[in-house]
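A.B. asks: Structure below; questions to follow.
Nothing in this text is a laboratory measurement; each read-out follows from the coordinates by a stated rule. This structure is a prediction, so every number in the text was calculated from the model and none was measured. Cβ atoms come from the backbone with ideal geometry, glycine included; neighbour counts cover every protein chain shown.
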Amino acid sequence: MSRCYRMKVTVQHYVRAHVREIVAAMSEEWEFESDTFPKMDQPLPDELSALGTSSLCGGESEEEFAERLSQAVWKANQGYCHVEVQATYLDVDPPSTIHSPSMDDYRQWKETAA
């Protein structure tokens with residue numbers, strides 16, 4: 001069963017030289033609105049943010065999605081950066097929740113990915 005979500009993702013302290021790879025990685029993991037990403041011909045912001053509405057499928061939880069997206073961003077960034085995922089469940093009207101994997105989560109992912 002799929003569940004419809006609005007995801008707001010914020011990335012801070014990223015390596016600016018990897019911004020294209022980060023945007024591509026994020027776009028592979030979720031259907032973000034293309035106009036939420038920075039214009040590459042303009043100065044890059046200190047914080048990347050993206051919005052998008054799609055569905056979590058196959059029983060994936062918000063936490064699992066946040067972990068999957070963070071790992072894709074870390075890989076594209078070639079190192080840790082702060083990733084925050086605000087998930088708003090759209091099928092009903094509950095409050096949204098925020099997930100932000102830590103540096104320890106990054107280290108654990110890095111150890112298992114090696």
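A.B. asks: Give me a comma-separated list of calculated 3J(HN,Hα) values for the stretch 31-48, in order, Karplus coefficients 6.51, -1.76, 1.60 applied at θ = phi - 60°, integers in Hz, x for any Gly or Pro.
C.D. replies: So the J values, rounded to whole Hz, are 8, 8, 5, 4, 7, 7, 7, x, 6, 6, 8, 10, x, 6, x, 5, 10, 8.
A.B. asks: Now for a different question. Looking only at Asp41, Asp91, Asp104, which one moves most when the chain is put into a Gaussian network model with springs between Cα atoms under 10 Å?
C.D. replies: Between Asp41, Asp91, Asp104, it is Asp41 that shows the largest mean-square fluctuation.
A.B. asks: Fewest first, what order do Cys4, Cys81 take by the number of other Cβ atoms within 10 Å? Can you show the working numbers first?
C.D. replies: On the way: Cys4 13, Cys81 19.
Listed from fewest to most nearby Cβ atoms, that is Cys4, Cys81.
A.B. asks: Quick check on the exposure proxy: order His18, His13 from fewest to most C-beta atoms within 10 angstrom.
C.D. replies: With the fewest neighbours first, His18, His13 line up as His13, His18.
A.B. asks: Which of Met26, His13, Val92 sits farthest toward the positive end of the charge dipole of the stretch 3-113, with +1 on the Cβ of Lys and Arg and -1 on the Cβ of Asp and Glu?
C.D. replies: His13
A.B. asks: Something else: Would you mind checking which residues have amide H under 5 Å from Gly52's amide H? H placed 1.01 Å from N; only 5 or more apart, or other chain.
C.D. replies: Distant-sequence amide H within range of Gly52: Met7, Glu33.
A.B. asks: Sort Lys39, Lys110 so that the residue with the fewest other Cβ atoms within 10 Å of its own Cβ comes first and the one with the most comes last.
C.D. replies: On the way: Lys39 8, Lys110 14.
So the ranking, lowest neighbour count to highest, is Lys39, Lys110.
A.B. asks: Right, something else. As an exercise, use a Förster radius of 25 Å and the Cβ-Cβ distance of Arg107 and Asp41 to find the FRET efficiency, rounded to the nearest 0.05. Each step should come with its number before you reach the end.
C.D. replies: Values: r = 35 Å, r/R0 = 1.42.
Calculated transfer efficiency: 0.10.
A.B. asks: If you take every residue apart from Leu44 with its C-beta less than 15 Å away from the C-beta of Leu44, what net charge results, scoring Lys and Arg +1 and Asp and Glu -1? Numbers along the way, then the final one.
C.D. replies: Numbers: positive: Arg16, Arg20, Lys39; negative: Glu21, Asp41, Asp46, Glu47.
Net charge in that neighbourhood comes out at -1.
A.B. asks: Measuring from the lowest to the highest alpha carbon on each principal axis, how far does the stretch 3-113 reach, largest first, in angstroms?
C.D. replies: Over the stretch 3-113, Cα extents along the principal axes are 39, 35, 21 Å.
A.B. asks: Taking only C-alpha pairs under 8 Å that are 6+ residues apart, what is the relative contact order of the chain in percent? Working shown, then result.
C.D. replies: Working: 178 pairs, mean separation 42.5, N = 114.
Answer for the chain is 37 percent.
A.B. asks: Still on this structure, I have one more. Rounded to whole Hz and in sequence order, give me ³J(HN,Hα) for the stretch 60-67 from the Karplus expression 6.51 cos²θ - 1.76 cosθ + 1.60, θ = phi - 60°, writing x for Gly and Pro.
C.D. replies: 5, 8, 4, 5, 5, 4, 4, 5
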